[in-house]
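Student: Have a look at this one before I ask anything.
The values are calculated or read from the model by the stated rules, or taken from the named source; none is laboratory data. Values in this document were obtained by computation on a predicted structure and should not be read as measured data. So basically every Cβ, Gly included, is an ideal-geometry build from the backbone, and we count neighbours across all protein chains shown. Heavy atoms of the whole protein, side chains included, go into the accessibility calculation; ligands, DNA and RNA do not. Shrake-Rupley method; radii C 1.70, N 1.55, O 1.52, S 1.80 Å.
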Amino acid sequence: MNRSNHRPILAKISGVGHYMPEKVLTNHDLEKLVDTNDEWIVSRTGISERRIVADGEFTSHMSVNAINELLETTDTDVSEIDVIIVATVTPDRLFPSTACLVQEKIGAKNCWGFDLSAACSGFVFGLNTASRFVESGAYKKIIVVGVDTMSSIMNYKDRNTCILFGDGAGAVLVEPSEEEGFGIIDSLSSIDGSGAEHLYMPAGGSEKPASHETVDADEHYLHQDGKKVYIDAVRGMADISIKILEKNGLNGEDIDLFIPHQANKRIIDSTAKRLKIDSSKVVINIGSYGNTTAGTIPLGLYDAVQDGRLKKGYVTVLAAFGAGYTLGSTLLKWAY
Ligand code: UT7
C-alpha cells in the first residue's frame, strides 16, 4: 500500500498518551518460573524487566487510560473524536471489537471505529490508515491505540517466549496539519503471509476452536520459531525503512530520530547499523518494557516526547515487523 505524493491535506500526530501497568516482572522473577537467568536474557534480548497487568486490568482498560491521558494533554473533548482504531492481537474478547468497548468507556458519542490485527506492526498500520483517512478529508480527529496484554497469551513455562513479552498501551491523536510540510510525510504497509506459521496462536479461532484438548496442548499461548523470526525481522525491518527513505530521496543520515519496534535489542542494533543511523538517534526502551507488541512504537514516541528527544521539525522514521508477517514504516516531520 504505497501512497502517492500528491496530497493536499497532510495528517499529523498532535499528542501521545500512554499506560503501563504498575506490576513489574523482572528477569529474576522469571528465573523462578523457568530455567533461565538474567545474564542470558539481557545479553540475548536487552530486556531486564517488563510490566504485567494486575487483576482487573486488560486491553480496553489500558487503552482507556492511555486515551484519557491523550485527551487531557491535547485538550481534546471526547465528543470531537471521529474514529477510534485499536491495534491489538489481545482484544478483551474476540467480539465485539475492543474499539466498541473503549468507545463506550470513554463516552465518545460521535465516532465509529474498529480493531486492527497486525501484531507488532498494528500501530504503524493504524497510523498509516488514520493518516489516509485524514488526508481524504473525511475525518478530523482520529485516535490510534497500540495496545497488547501479552501476558494473557503467554506460557510462563516456555522460556523461549515468556522472557520476551510485556503489557502496555500507547495512543496518539491524528488530525490535519496546519503547518505546511509538518506531519506524516509518507507511509508504507505490507504483508507477507508466508511467515504465518512462524509466529502465531494455534487455537481459539475458527480453525481450532477452544476445547479441553487445545487447552491441554497449550495451544492458547503464543508460539514462535524465534530463530527464524529473528532473521526475517532483521531483514524485514531494515528493508521497509530503507524503502521509505529511498522513496523520499533520504538516507539514514537524514533521520533525526528512529523509533523501531522493540522485539530484541540485537534486531534494533542490526537495523540501525544497516540504515547507518547513529545509535544516539535510536529510541530503545525494550530494557524496561519488553516487547509490548502493538504498544512498542507509541510507547517509544511517548518516551521520546517526555525526555525531549523528539522535537518539532525532527525527521522521524517509525518501523515495525510482526506476526503475519506484517511490515510497516512511517516517515514524519514531527509537528509539535
Ligand atoms: O515482535 C516480533 C516477533 N519476535 C521477535 O522478533 C523475536 C525474534 N527472536 C529472538 O529475539 C531470538 O531468537 C530469541 C531471543 C527468542 C532467542 O535468541 P537466540 O539467540 O536466537 O537463541 P536460540 O534460540 O538460538 O537459543 C540459544 C540457546 C539454546 O540452547 P542450546 O540449544 O544452544 O543448548 C536455547 O535452548 O539458548 C537456550 N535458550 C535459553 N537459555 C536461557 C533459549 N531460551 C532461553 C532462555 N534462557 N530464556
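Student: With no solvent and one equal point scatterer per Cα, compute the Debye intensity ratio I(q)/I(0) for region 3-176 at 0.08, 0.14, 0.15, 0.16 Å⁻¹ and report its log10, rounded to two decimals.
Tutor: Relative scattering, expressed as log10 I(q)/I(0), comes to -0.28, -0.75, -0.83, -0.90.
Student: Shifting gears a bit: Just the projected area, averaged over all directions, of the convex hull on the alpha carbon atoms of region 198-240: how many nm²?
Tutor: So the Cα hull casts an average projection of 3.7 nm².
Student: If the cut-off is 20 Å between C-alpha atoms, which lysines fall inside it for Lys276, apart from same-chain ones fewer than 8 positions away?
Tutor: Cross-link targets: Lys243, Lys247, Lys265, Lys333.
Student: Beyond 26 Å, what percent of the Cα pairs of region 183-333 remain? Before the final figure, lay out the partial values.
Tutor: Working: 3328 of 11325 pairs.
In whole percent, the long-distance tail amounts to 29.
Student: Let me ask you something else. Assuming 0.890 mPa s and 25 °C, estimate D for the chain with Stokes-Einstein, Rh taken as the Kirkwood radius over Cα pairs, in µm²/s. Could you put the intermediate results ahead of the total?
Tutor: Details: Rh = 19.8 Å.
Diffusion coefficient, whole number: 124 µm²/s.
Student: Return the percentage of antiparallel bridges among DSSP beta bridges fully within the chain, rounded to the nearest 5 %.
Tutor: On the way: 37 of 53 bridges.
Percentage antiparallel, nearest 5: 70.
Student: Can you work out the PRE-style zone for Glu104? Point 7 Å along Cα to Cβ, and I want the residues of region 48-80 with backbone N under 13 Å.
Tutor: From region 48-80, the list is 60-61.
Student: Right, another one. So which helices of the chain fit the span-like rule, where a helix is a whole DSSP H run, its Cα atoms reach 18 Å or more along the axis, and its mean Kyte-Doolittle is at least -1.0? Before the final figure, lay out the partial values.
Tutor: Details: long enough: 59-73 (21 Å, -0.01); 122-135 (20 Å, 0.61); 226-247 (31 Å, 0.10).
Within the chain the helices that satisfy the rule are 59-73, 122-135, 226-247.
Student: On a straight-distance basis, which lysines could pair with Lys208 in a cross-link, Cα separation under 23 angstrom, same-chain partners fewer than 8 positions away excluded?
Tutor: By straight Cα distance, Lys208 reaches Lys157.
Student: Another question, then. Please compute the Cα-Cα pair-distance distribution of region 293-336 with 10 Å bins starting at 0, giving whole percents from short to long.
Tutor: Using 10 Å bins, I get a P(r) of 25, 51, 21, 3 for region 293-336.
Student: State in Å² the accessible area per residue of the chain; use a 1.4 Å probe, count heavy atoms of protein chains only, and round to the nearest integer. Please list the in-between numbers first.
Tutor: Details: 14420 Å² over 336 residues.
Each residue of the chain exposes 43 Å² on average to a 1.4 Å probe.
Student: Per DSSP H run of at least 4 residues, take -39500 (n - 2.57); add these up for the chain, divide by its residues and hand me the 222 nm value, nearest 500 deg cm²/dmol. Don't skip to the answer; put the middle values down first.
Tutor: Values: 10 runs with 104 residues, N = 336.
My calculation for the chain gives -9000 deg cm²/dmol from helical runs alone.
Student: Here is a further query. Straight-line reach only, C-alpha to C-alpha below 12 angstrom: list the aspartates and glutamates that Lys281 could link to, leaving out same-chain residues fewer than 8 apart.
Tutor: Those aspartates and glutamates meeting the cut-off are Glu253, Asp254, Asp256, Asp269.
Student: Extending each Cα 7 Å along its Cβ direction at Glu207 and Trp40, get the distance between those two points in nm, one decimal.
Tutor: Distance between label points: 2.9 nm.
Student: Ok, one more. Leaving ligands, DNA and RNA out of it, report the carbon-plus-sulfur percent of the accessible area of the chain at a 1.4 Å probe.
Tutor: Carbon and sulfur together cover 51 percent of it.
Student: Under the definition of Cα pairs under 8 Å and six or more residues apart, what whole-number percent is the relative contact order of the chain? Intermediate values should be presented prior to the final figure.
Tutor: Details: 817 pairs, mean separation 85.1, N = 336.
So the answer I get is 25 percent.
Student: Are there trypsin sites (Lys or Arg not before Pro) in region 256-322 that DSSP marks as loop and that have at most 11 other Cβ atoms within 10 Å, and which are they? Present the calculation step by step, with values, prior to reporting the outcome.
Tutor: On the way: sites: Lys265, Arg266, Lys273, Arg274, Lys276, Lys281, Arg309, Lys311, Lys312; in loops: Lys276, Arg309, Lys311, Lys312.
Here the sparse-neighbourhood loop sites are Lys276, Lys312.
Student: How much FRET efficiency would the formula 1/(1 + (r/R0)^6) give for Lys247 and Asp278, where r is the Cβ-Cβ distance and R0 is 25 Å, rounded to 0.05? Present the calculation step by step, with values, prior to reporting the outcome.
Tutor: Details: r = 22 Å, r/R0 = 0.88.
The pair Lys247/Asp278 has a calculated efficiency of 0.70.
Student: Among 194-202, 96-104, 123-131, 27-35, how do they line up by average Cβ neighbours within 10 Å per residue, starting with the highest?
Tutor: Working: 194-202: 15.9, 96-104: 20.9, 123-131: 29.0, 27-35: 14.0.
The most tightly packed comes first, giving 123-131, 96-104, 194-202, 27-35.
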